[in-house]
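All remarks here apply to the structure that follows.
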Amino acid sequence: MAAMAKVILPGGEAIEARGVSFLELLGPRAKEAAGALWNGQLLDLREPVPPEGEVRILGLRDPAALEVLRHTAAHVLAHAVTRLFPGTKLAIGPAIADGFYYDFLFPNPISHEDLPRIEEEMRKIVAEDLPLERVWLSRSEAERLLRERGEDYKLELLGEIPGEKISFYRQGDFLDLCRGPHLPSTGLVKHFKLLDLAGAYWRGDPNRDMLTRIYGTAFPTQEELERYLRWREEARRRDHRTLGPQLDLFSIQNDTIGAGLVLWHPKGARVRRLIEDFWVAEHYKAGYQLVYTPHIGRSRLWQTSGHLDFYRESMYAPIAVEGQEFFLKPMNCPFHIAIYKTKTRSYRELPIRYCELGTVYRFERSGVLHGLLRVRGFTQDDAHIICRPDQVEEEIRNVLRFALFVLRSFGFTEFTAYLSTRPEKFIGNPEDWERATEALRKAVEGEGLSYEVKAGEGAFYGPKIDLEVQDSLKRPWQLTTVQFDFNLPERFDMTFIGPDGREHRPYMIHRALLGSLERFFGILIEHYGGAFPVWLAPVQAVVLPVSEGDIPYAEEVAAKLLAEGIRAEAWTREGKTLRWLVREAQIQKIPYILVCGAREAAEGKAALRLRTGEDLGPRPLDEVIARIREAASTRSSGL
RNA sequence: GCCAGUGUAGCUCAAGGGGUAGAGCAUCCGCCUUGUAAGCGGAAGGUUGCCCGUUCGAGUCGGGCCACUGGCUCCA
């Protein structure tokens, strides 16, 4: 009895099959199917059912089918483009996390205004419900075909495909070199949208052609597509570059100050100060010592550190003074090392943990600057831990725990860790790498974090752990980095005297928890949508008089709150109605609005309205004060 | 740095295919005395990102810079 494969349909029904293709097996049910999963491999439905084993048919709504759907959507896009813009050369068109894209070389530039036309043409192709056929060509046929059509990029790809039988997919008059899999027909790509247009280098290489990339997304249902578009809209609404000026937090003035240089306005500075105070207090508690170091240093320092050899293109030009050259610091490490080296260190002193909110300057190409998230001058929440080899494991564990505590305090609850291991080119000895990598791995596992190993992705000077958080919109941000350095201790000849009376080389660990204050602030603004939790809100409470006669009482209430350590303001501007003031306070996302009129004044109360819009009515002042202090001291996200 | 797009008042945006810039909000001045998301009227505010050029005439057309947006590349 020959072996049979067990084919499980989306509904759970199982069929034994042998010697047929999936399409034949499924018949009309193929209209609801996107592909087949066999031993973790995605199979095309046109292929024969494998001889044995278990195969799961993916329904259109199956998350694993999304990739197939989007890949087919990319083909529909390419098809539409070839119809509308003859002479366009095709490059590649894969599915990506949020959708798909296709790279083209257009004979003439196109712009955003062309997207609706292309989308319209795509809808026609979907309405035509063209079946996608898989076509196998011999290598020479494939080459001739692509050459005839002038598909230079595809020819290059062909050269890298092994084997003699080359897979193409055909839908109507459109034929594309492609490994698949694809949906059975274009009619199944119903819910899609083109989103963006951007330049992209062929094969990501800046020395090669600049292609035009069209981004789009596709979903199995209209609801999911709409949900995704709403999510994009929400992200746009929370953009820190919009909220920053609107809430008067910061500005970046390229024509007066310079690109990538941030001005922290009073309210933004207030938030930053709160972050810094928390950060410093917790670092002292955790056994760190705060240091301050200058913004510039002599060129010999950067010579020793190796920055002038390896990092110079990211550094600002030298400043010449009295025949010496100084450089703006791109990193704090050399200064911390210099503090370490001011005396002979004993093994008994270690670990030494220097921390600093150190402002550094890096020359970033203008094209990569982005609001607060990518700037040229920024303050790292930096620390360097110098320890003995036998202390490495505990130090790493403590750093990781500390990082998680700090990030959780800012309302982040989802974390992913990335462990980057030794690359091909590295310095130091493999035993040290091994020990360091294992310490990192144990620490992550000990904290129960899910992690991914990025083999060979470590810097040449040491392995590292990065922590990624997810914000309230489920977007990932890499914040914490914990990085071993086997390079700088050598270069600076850092030593400590061991119990044996001899010099030993310490381990050094770089570490930043928030990354930079500028970037972190930008992320926080988006995470909270500008509505900071009470402990971080620049203004925690605003007191609004009902009419001019209530101003004295409003000022008295605000003064009382201030005396209780609450960041409060009385808005007593003439000529503004209560309605106007309430609206303004809501827009400013101030957590507590205290309305004070004659009724409240008579009873020593304030009418409490929350940022959420909830009106709690008149409350005794003491109750309001207790409530605000409680929310602030617990760093709660609630009001 | 590269591709595409954008740059008009403090902010958000208008000005058919070239004919000496307009609105709302904010600001200032009045009036209104206000009870939970914009009360009314008036005034002031611009070398249209910068520099060249075409033209009798440029916000508008051409070139070059600068900056921003979306990406790509980069981020030891």
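When you go through A:Tyr153, A:Tyr215, A:Tyr169, A:Tyr228 one by one, which is the residue that is open to solvent by 60 Å² or more (accessible area, probe 1.4 Å) and assigned by TED's automatic domain parsing to the domain that holds A:His112?
A:Tyr215
Would you mind finding the one in A:Ile118, A:Ile92, A:Ile125 that is open to solvent by 30 Å² or more (accessible area, probe 1.4 Å), assigned by TED's automatic domain parsing to the domain that holds A:His191, in contact (Cβ under 8 Å) with a residue 24 or more places away in the chain and under 30 Å from A:Trp231 (Cα atoms)?
That would be A:Ile92, the only listed residue that is open to solvent by 30 Å² or more (accessible area, probe 1.4 Å), assigned by TED's automatic domain parsing to the domain that holds A:His191, in contact (Cβ under 8 Å) with a residue 24 or more places away in the chain and under 30 Å from A:Trp231 (Cα atoms).
Would you check if A:Arg511 is under 30 Å from A:Ile427 (Cβ atoms), in a strand (DSSP E or B) and among the basic types (Lys, Arg)?
Answer is yes for this residue.
Would you please name the residue that is nearest to RNA strand B (Cβ to nearest atom), looking only at residues in region A:237-283 that are loosely packed, with under 12 Cβ neighbours inside 10 Å and not in a loop (DSSP other than H, G, I, E, B)?
Result: A:Pro266.
Residues of region A:205-225 being assigned to a strand (DSSP E or B) and near RNA strand B (Cβ under 9 Å from one of its atoms), which ones? Break it down stepwise before answering.
Within region A:205-225, the first condition is being assigned to a strand (DSSP E or B), and the residues that meet it are A:210-219.
Once the filter is applied, which keeps residues that are assigned to a strand (DSSP E or B) and near RNA strand B (Cβ under 9 Å from one of its atoms), region A:205-225 yields A:Met210, A:Leu211, A:Thr212, A:Arg213, A:Tyr215.
Mind checking which pairs have a first residue in region A:16-29 that is in contact (Cβ under 8 Å) with a residue 24 or more places away in the chain and a second that is open to solvent by 60 Å² or more (accessible area, probe 1.4 Å) and part of a helix (DSSP H, G or I), Cβ under 9 Å, 6 or more apart or different chains?
Sorted first by the residue in region A:16-29, then by its partner, the pairs are A:Leu26/A:Glu32.
Would you be able to say whether some residue in region A:549-570 is near RNA strand B (Cβ under 8 Å from one of its atoms), over 28 Å from A:His240 (Cα atoms) and more than 38 Å from the chain's Cα centre (by Cα)?
Yes - at least one qualifying residue is present in region A:549-570.
Has region A:318-328 got any residue that is open to solvent by 50 Å² or more (accessible area, probe 1.4 Å), farther than 22 Å from A:Asp381 by Cβ and touching a residue at least 24 places away in the same chain (Cβ under 8 Å)?
Yes: region A:318-328 contains one or more residues that are open to solvent by 50 Å² or more (accessible area, probe 1.4 Å), farther than 22 Å from A:Asp381 by Cβ and touching a residue at least 24 places away in the same chain (Cβ under 8 Å).
Mind listing whichever residues of region A:581-595 are more than 9 Å from RNA strand B (Cβ to nearest atom) and part of a helix (DSSP H, G or I)?
Within region A:581-595, none qualify.
Quick one: in region A:381-405, which of the residues that are open to solvent by 30 Å² or more (accessible area, probe 1.4 Å) and not in a loop (DSSP other than H, G, I, E, B) is nearest to RNA strand B (Cβ to nearest atom)?
Looking at the filtered set, the residue picked out is A:Pro389.
Looking at (1) surrounded by fewer than 16 Cβ atoms within 10 Å (Cβ to Cβ); (2) touching a residue at least 40 places away in the same chain (Cβ under 8 Å); (3) more than 22 Å from A:Arg179 (Cβ to Cβ), which one does A:Glu133 not meet, given that it meets all the others?
If we test A:Glu133 against (1) surrounded by fewer than 16 Cβ atoms within 10 Å (Cβ to Cβ); (2) touching a residue at least 40 places away in the same chain (Cβ under 8 Å); (3) more than 22 Å from A:Arg179 (Cβ to Cβ), just (3) comes out false.
Could you list all residues from region A:428-470 that are out of contact with any Lys or Arg (no Cβ under 7 Å at 6 or more places or on another chain), in a loop (DSSP other than H, G, I, E, B) and surrounded by 14 or more Cβ atoms within 10 Å (Cβ to Cβ)?
A:Gly428, A:Leu449, A:Glu457, A:Tyr461
The values are calculated or read from the model by the stated rules, or taken from the named source; none is laboratory data. Computed from a prediction, not measured in an experiment: that's the story for all the values here. Every residue, glycine as well, gets a Cβ built from its backbone with ideal geometry; the counts of neighbours run over all protein chains shown. The protein model used for the area step is the full one, side chains on, heavy atoms only, and it has no ligands, DNA or RNA in it. Shrake-Rupley method; radii C 1.70, N 1.55, O 1.52, S 1.80 Å.
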